Amino acid sequence: MAHPSQLGFQDAASPVMEELLHFHDHALMIVFLISTLVLYIIVAMVSTKLTNKYILDSQEIEIVWTILPAVILILIALPSLRILYLMDEVNDPHLTIKAMGHQWYWSYEYTDYEDLGFDSYMIPTQDLSPGQFRLLEADHRMVVPVESPIRVLVSAEDVLHSWAVPSLGVKMDAVPGRLNQTAFITSRPGVFYGQCSEICGANHSFMPIVVEAVPLKHFENWSSLMLEDA
């Protein structure tokens, strides 16, 4: 999860998020190089009275500064498109979960099971246990098995919401009357926090998302207990 004064992204917990971090670093290096070059040119022009007629009027340099930006844009666009298609891939999911946004909580339905579903509300500050995070903890977590492709069907019952978990590289809008889908694979066990990322009303900031990734055996035990309670 995010920490106070943190400047970078959260630690990646899925292969897609790792790719996004690599692309971010790749694009940022290009931005740094361009900024440094432009800053050097500005300083050089301001601090010297010397001029060069071949720079002021040169067909060759105009060709270079036309082609070079095009090459740089291609170097940014190709990996960007690759990740865009990777994020849309839903290959043979092992588990499908339907996440419904409400004012203001989430409800989850495990569609591969007959009666496995629950509502997920934020735990009020006064009810938090030691070590729990304010405004981020939910009374029921979305439990998923580790290293398994998970498909999430996202929709809403009332207004626009957005189901987002930054460390998994997932953000999908929940639109009333529309069923969107996204997918992720958790690469390690852990608890991953997110929040509704759409301004959906007065309690917009009070509908957290908590995804708990556990080994497959533990997930089977959890699902059995949930079905027994139901």
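Which aspartates and glutamates does LYS49 reach when only Cα atoms under 20 Å apart count, and residues fewer than 8 places away in its own chain are ignored?
ASP57
Between ASN203 and SER5, 0.36 nm times their residue separation minus their Cα-Cα distance comes to what?
Computed gain between ASN203 and SER5 is 68.8 nm.
Rg (Å, one decimal) plus Dmax (Å, integer) for the alpha carbons of the range 15-88?
Taking only Cα atoms of the range 15-88, I get Rg and Dmax of 17.3, 54 Å.
Mind giving me the nanometre distance, one decimal, between the label points for VAL90 and LEU227, set 7 Å out from Cα along Cα→Cβ?
Label at VAL90, label at LEU227, 2.3 nm between them.
Limiting things to C-alpha atoms, what are the Rg and the maximum Cα-Cα separation (Dmax) for the chain, in angstroms?
Over the chain's Cα set, Rg and Dmax evaluate to 23.7, 83 Å.
Which order do TRP222, TRP163, TRP65 take by accessible area at a 1.4 Å probe, largest first?
TRP65, TRP222, TRP163
Calculate the tail of P(r) for the range 97-175: the fraction of all Cα-Cα distances greater than 17 Å, expressed in %.
Working: 1600 of 3081 pairs.
The share of Cα pairs beyond 17 Å in the range 97-175 comes to 52 percent.
Under the Karplus relation 6.51 cos²θ - 1.76 cosθ + 1.60, θ = phi - 60°, what is the ordered set of whole-Hz ³J(HN,Hα) values for the range 91-101, x standing for Gly and Pro?
9, 6, x, 7, 8, 10, 10, 9, 10, 10, x
Measure off 7 Å from each Cα along the Cα-to-Cβ vector at GLN132 and THR111, then give the distance between these two points in nanometres to one decimal.
3.1
Below 12 angstrom from the Cβ of SER120, what's the summed charge of the other residues (Lys, Arg +1; Asp, Glu -1)?
-4
As I understand it, the dipole of the range 15-88 uses +1 on the Cβ of Lys and Arg and -1 on the Cβ of Asp and Glu, about the Cα centre. Which of GLN59, SER80, MET29 lies farthest toward its positive end?
After comparing all options, I get GLN59.
For an R0 of 22 angstrom, estimate the FRET efficiency from the Cβ-Cβ distance between ASP25 and ALA70 and round to the nearest 0.05.
The computed FRET efficiency comes out at 0.50.
Under 10 Å, Cα contacts only: if you run a Gaussian network model on the chain, which one of ASP173, ASP127, ASP11 comes out with the highest mean-square fluctuation?
Top of the fluctuation ranking is ASP127.
Given a 1.4 Å probe and the protein chains all in place, what does the accessible area of TYR113 round to, in Å² to the nearest 10?
Accessible area, nearest 10 Å²: 70 Å².
When only Cα pairs under 8 Å and 6 or more residues apart are kept, what is the percent relative contact order across the chain?
With pairs under 8 Å counted, the relative contact order is 21 percent.
Check every DSSP H run in the chain and write down those whose alpha carbon atoms cover 27 angstrom or more along the long axis and whose mean Kyte-Doolittle hydropathy is 0.5 or greater.
Flagged H segments are 15-47, 59-88.
Check which residues have an amide H placed less than 5 Å from ILE123's amide H, if you skip close sequence neighbours.
GLU137, ALA138, ASP139
Apply the Karplus curve 6.51 cos²θ - 1.76 cosθ + 1.60, θ = phi - 60°, to the phi angles in the range 184-200 and return the couplings in whole Hz, x for Gly and Pro.
7, 10, 7, 8, 7, x, x, 10, 10, 9, x, 9, 4, 9, 10, 6, 10
Starting from 0.36 nm per residue, how many nanometres of slack lie between PHE32 and ARG188 once their C-alpha separation is accounted for?
52.9 nm
Test of understanding: in a Gaussian network model of the chain with alpha carbons linked when under 10 Å, which of GLU62, GLU19, GLU137 would top the mean-square fluctuation ranking?
GLU62
Would you pull out the residues with amide H under 5 Å of TRP106's amide H, same chain only if 5 or more places away, H placed 1.01 Å from N?
Placed amide hydrogens put SER120 under 5 Å from TRP106.
The values are calculated or read from the model by the stated rules, or taken from the named source; none is laboratory data. Being a predicted model, the structure only gives us computed values, none of them experimental. Neighbour counts are summed over all protein chains in view; Cβ atoms, including those assigned to glycine, are modelled from backbone coordinates with ideal geometry. Each accessible area value is taken on the protein alone, full model and side chains, heavy atoms only, with ligands, DNA and RNA left out. Shrake-Rupley method; radii C 1.70, N 1.55, O 1.52, S 1.80 Å.
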